[in-house]
1. Which residue pairs have Cβ atoms closer than 6 Å, lie 6 or more positions apart in sequence or on different chains, and pair a first residue in the range B:435-453 that is within 19 Å of residue B:217 (Cβ to Cβ) and surrounded by fewer than 21 Cβ atoms within 10 Å (Cβ to Cβ) with a second residue that is among the acidic types (Asp, Glu) and at pLDDT below 95?
2. Give me a count of the residues in the range B:237-266 that are without any contact (Cβ under 8 Å) to a residue 24 or more places away in the chain and closer than 20 Å to residue B:225 by Cβ.
3. Checking residue A:145 against (1) open to solvent by 10 Å² or more (accessible area, probe 1.4 Å); (2) under 30 Å from residue A:55 (Cβ atoms); (3) within 10 Å of chain B (Cβ to nearest Cβ), which test does it fail?
4. Going by what's in this entry, would residue B:50 be described as in contact with a Lys or Arg (Cβ under 9 Å, 6 or more places away or on another chain), at pLDDT 95 or above and of a type in the set (A, V, I, L, M, F, W, C)?
5. Which count do you get for residues in the range B:306-323 that are assigned to a helix (DSSP H, G or I) and under 22 Å from residue B:362 (Cα atoms)?
6. Only one of B:83, B:115, B:93 is more than 9 Å from chain A (Cβ to nearest Cβ) and either crowded, with 20+ Cβ neighbours inside 10 Å or modelled with pLDDT under 95 (or both). Can you tell me which?
7. Residues of the range B:96-109 being in contact with a helix residue (DSSP H, G or I) (Cβ under 6 Å, 6 or more places away or on another chain) and open to solvent by less than 30 Å² (accessible area, probe 1.4 Å), which ones?
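The values are calculated or read from the model by the stated rules, or taken from the named source; none is laboratory data. Everything numeric here is computed off the predicted structure, so don't read it as measured data. Positions of Cβ are backbone-derived with ideal geometry, glycine not excepted, and every protein chain shown enters the neighbour counts. Surface accessibility is based on the protein's heavy atoms, side chains included, excluding ligands, DNA and RNA. Shrake-Rupley method; radii C 1.70, N 1.55, O 1.52, S 1.80 Å.
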There are 2 protein chains.
Amino acid sequence: MAKAPKNAISPTRAEDYPQWYQQVVRAADLAETSDVRGCMVIKPWGYALWENMQAVLDKMFKDTGHKNAYFPLFIPKSYLEKEAEHVEGFAKECAVVTHHRLEADGEGGLKPAGELEEPLVVRPTSEMIIGASFAKWVESYRDLPLLINQWANVVRWEMRTRLFLRTAEFLWQEGHTAHATEQEALDETAQMHEVYARFAEDFMAMPVIKGAKPEHERFPGAVDTLSIEAMMQDKKALQAGTSHFLGQNFSKAMGIEYQGEDKQKHHAWTTSWGVSTRLIGGLIMTHSDDDGLILPPKLAPAHVVIMPITFKADDPDAVLAYCEKLAEDLKQVTYDGQPIRVELDNRDIRGGEKTWGWVKKGVPIRLEIGQRDMADDSVFMARRDQSPKDKAGVGRQEFLDTVSDTLADIQNTLFERAKTFRAENSRVINARDKFENYFKGDKGGFALAHWNGDVEVAKKIQDDLAVTIRCIPDDGAIDDLLGGPNEPGKCIFTGEPSEKRVVWSKAY
Amino acid sequence: MAKAPKNAISPTRAEDYPQWYQQVVRAADLAETSDVRGCMVIKPWGYALWENMQAVLDKMFKDTGHKNAYFPLFIPKSYLEKEAEHVEGFAKECAVVTHHRLEADGEGGLKPAGELEEPLVVRPTSEMIIGASFAKWVESYRDLPLLINQWANVVRWEMRTRLFLRTAEFLWQEGHTAHATEQEALDETAQMHEVYARFAEDFMAMPVIKGAKPEHERFPGAVDTLSIEAMMQDKKALQAGTSHFLGQNFSKAMGIEYQGEDKQKHHAWTTSWGVSTRLIGGLIMTHSDDDGLILPPKLAPAHVVIMPITFKADDPDAVLAYCEKLAEDLKQVTYDGQPIRVELDNRDIRGGEKTWGWVKKGVPIRLEIGQRDMADDSVFMARRDQSPKDKAGVGRQEFLDTVSDTLADIQNTLFERAKTFRAENSRVINARDKFENYFKGDKGGFALAHWNGDVEVAKKIQDDLAVTIRCIPDDGAIDDLLGGPNEPGKCIFTGEPSEKRVVWSKAY
Ligand SMILES: [Zn+2]
Ligand SMILES: [Zn+2]
C-alpha cells in the first residue's frame, strides 16, 4: 500500500524546489500554461491576488502624484532603432507583426496577407512609444514634470518560461516620467525605488535589499538601474522591481525638448520603473510551505474562509445560518482599512478535500463550524502560518474582536520569518576561496563581499559560478546582515580597494 | 478684425458634427492619435474616466457572480479556423505575428527574423482562446456555471478610425460564461444585457433601447446578439454594448464538454458580452455641447474644481488657505456613496484660460473664489449643465450642505435632456415613402416601423438609404416612444405581417 504523503504538495521544497513551485501554483489554482508558447492563463485566484497588488500600488503611485494613461500596444520598428542599446537589449526577443489580415490559402486554411509597409513590434516595454507622446506634450518647463503610469501587457519572447517568473506575455505597470532637471529625475528614480521596497515589505511581507545594479546589469539604455532584491526559500535572489534613471538618452532619441525659463531649448531628463506579475512568483517562493501557498493577509483575496460542517448535524440549516450570520458580522470588521474579505464554502464535497483545498490556496484563517461549535457559540479556527494540525476553539465574539489583530499578527509573522531566513542564509565573506566554497554545487545564499567595481571580474564570476552581483546596496540596506555599517575594504578577487560590500547570489 | 467665437469649440455641432467631436476630444485632453496607424493614446483625463467606468462595471460583474481572469494576447491561427463564421468575421482585419525577433538587415536597420511555425493573431476577441481553457476546466456539471470576465486590449485592423469610436486597438472587458443548460445561458445573456442598460442609463445618463440584433447583424458565430442602442446628438445610433448567446457553436468548436448528472457527455452552452472604450465616444456625443465635454457626475474624474482668484487679493495666501480648507471639507461629503472628488487648480495662468479649460473638460461644478467671496464666507459657483455665464454666489456652508444634491440634479438633468432629445427625434412611421423621406439626405432619427423579418429587405434599405435595423426591441423597450405597447402590424416595405415595430436609424 502507498504511504499517505505527510504534506499536501509533492515533491516538497527539499526534494525538488522547481517542481514544488509548479505544484504550489497548480494546487492553489493561480495560473496555468496555455497552448500559446510561453503565454500563461492567470486563473481567478491568481488574478484576484494581482488585483489586490494593483490596488495598493496604484494608490501609492497616485499618492506620489502620478496619473494613469494608455499607449499603443505596437511600436514601429523605426522607433526601436533610435536608441542603440535599447534595441540591442530587446530585438532578440520580440513578437513582430508583419501582416494585417488572413486570407484563404487555397487548401482550406488561412495564410497571412496584407503585408505592412513597416513591421510593428509588440511592446516589450514602452520607453520609445511613450517618449514619442512626451515629445508632443512637452513644450515649456511649465509642462514638467510629466508623471505617468501605465498598466499593460507586454511581450518578451523568452525561450524558457516558468509561470509568473518568466513568461512571453506578462502583466505589469510601467511608470514613465520627464523632468526639467537631472536632480528631479534622480529624486523620482529614488522615490519609486522606495515605493517598491515599501510595497514588498509592508504588503507582500517580503524583505528586500535596495541597491543599484552594476553597470552590466542595467536596463538597456539606462544610466542607472535601482532594484529591490529578495531571497527565495531556495536561497536564490529574485529581482522584484526596478527603477531606472534614463538620463537624457531617451529624450535625445525621441526629441523630448522643452523651453526653459532661460528661453533656451533643453532636453528633458527621464525615468522609468516597473513591477510585474513576476511579483506573484516572488510572493509564492517567499512564504509558501510544503502544504501549498501562504498568502500575506494584506493581499489575500480572502482573509477568512468559513466551512460549515453540516453532514452530521441534526439541523444543517441552523448551522448554515449561524455561518452566514458570522460572515455578515465579519464583513463589518475592518483589517488594514478595509472590510474583512470572507468566503463561505458550502460546496457539497468531502470535508478533508475542502479543508486542504483552502490550505493549498493559502487563506490566512480557516474556520470549521459544526453543530457543537454552534451550541458553544464558538468557532474552530486554524491559521495558515501555523501547522494544519493546530486548530483551536474560540468563542464567536472573541474571534470577532481579535480577528483583525490575528491577521496583523500573521502578516508580521510572515515578514519576520522571511527576515530570519534571509539572515540565516546571508554571509559576510572575505576571501575568494571561501566565496567559491560557499556557492559550490547547489549551495549558497547571499554573500556580502567586497568588489573593486570591475565588470570583467563580475562577468568571470558569473561564468564560473553562475553567481551575480544582485546590487550595490544603498547605505544602511544590509547593515542588519552585516551587524554594522557597510565599510570600505578590499576586493576579494583582485585585492584592489572597494568602497563597500556588494550582494552576490545565484538568481532567477 | 476677427470676431471672437461665441463658443469654446469650433466648429459647432450644427456646423460640422464630426469635426466638433474631434475638437471636443482634443479640448478635453481625453485622447490623441499616435504614429501607429489606428492606435490611440488615452491621455490621463480620458483614462481616469475609463477607470471610473471600469470600477462601476467591475462591481456590477462581481455582484452578479463573475470573477476576473486573464488569457493570452495571442491566438493560434488554427484556433480561429475552428469556427467558420467566426473566422469569416475577423480574418479580414487582424494583426498577424509571424516572427519572434529582429536582426540586422545589413543596411544599418533591422528586419524580422525567427519565423514562427504557426502565425499568431493578436486577439480581436477571445472566444477561441478562452474556450480552450474552459475545455480544460470543465469536466463535470459541478464545474458549471463558469462565470469569467477579462479586462484587456484587443486589436481589429480597421481602415478608417476615429478616436474612441473605432480604433485598431481598444480597451474593453469581455465576459465569457459556460452553462449546463440552454436556459441558464439565455438567462445569463439577458442578465448582462440588463447590466449594460443599467450602467448606460444610471451612470452614463445615456438612455438606451434594449433589443435583439437582426440575424445579419449578429456577432460572428452567435445564435443571438442583444444590444443596447443610444441616440447621439446628430441623431445617429451608437451600439453601446452587446451580449451574445452562443448556443453550442463555440463549445463544439473548442470541445467544452461536461459529464451530466445523467453520466452522459454534453456540450456546454456559452455566452459572451462586452463593452469598450467606445462607450467614451457615446458619452461625449450624448451630453457635450458647443463649449466642450459635459461629464455625468457619477463618472466624472473630478466633481468639483476650485479656482482660487488670487492675483488681485491683498492676501493671496489667505484666499488659497480658504480654498484648501474648502477642498478638505468637500472630501468629507459623499456623493453616490463615495467622497466628493475635488481638483484645486492653483496654476499660474490667466483666469479666463483656466475657467474655460475646466468648462471644456466637463467638470460638473466649478467654483471661483476670490477675496470678496472669502470675506462673505461664500463661493462663486457654476454648473456645467447650465450656460457658462450662469454663475451665482452661494454661502459656503449652504454649498457644502447641497453639493451632493446638486450633483444628483446634474446627473438627472443630463439623463432627462437626452431622453427628451431622443423622443423629439424618434418617429412612428407607417409607410415606405414617409420612411424614405424621413431619412433623405442628412435627415432622420430613430424610425419605429414594422418589418416582416426578411434579411434581404433590410439589406436593400441599408444599400439604398444607409439606414439599418438597430434592434428588434424588447417588450416595453420603446413604449415611451410609441406612446403605448409595441403591437403587431404590417411591414411597410412588403405589406407582410410584422410581429412588432423595429428601430431603424443611421448609425456609427
Ligand atoms: Zn539638450
Ligand atoms: Zn453535445
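1. Final answer for the pair search is none.
2. 2
3. The failed condition is (3).
4. Working: in contact with a Lys or Arg (Cβ under 9 Å, 6 or more places away or on another chain): no; at pLDDT 95 or above: yes; of a type in the set (A, V, I, L, M, F, W, C): yes.
Criteria not met by residue B:50.
5. Going through the range B:306-323 one residue at a time, the tally reaches 1.
6. Working: B:115 fails: either crowded, with 20+ Cβ neighbours inside 10 Å or modelled with pLDDT under 95 (or both); B:93 fails: more than 9 Å from chain A (Cβ to nearest Cβ).
Among B:83, B:115, B:93, only B:83 is more than 9 Å from chain A (Cβ to nearest Cβ) and either crowded, with 20+ Cβ neighbours inside 10 Å or modelled with pLDDT under 95 (or both).
7. Across the range B:96-109, the qualifying residue is only B:102.
Residue-wise test of (1) of a type in the set (A, V, I, L, M); (2) more than 15 Å from residue B:229 (Cβ to Cβ); (3) not assigned by TED's automatic domain parsing to the domain that holds residue B:372.
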| residue | (1), (2), (3) |
| --- | --- |
| B:395 | no, yes, no |
| B:403 | yes, yes, no |
| B:433 | no, yes, yes |
| B:439 | no, yes, yes |
| B:450 | no, yes, yes |
| B:464 | no, yes, yes |
| B:477 | yes, no, yes |
| B:484 | no, yes, yes |
| B:493 | no, yes, yes |
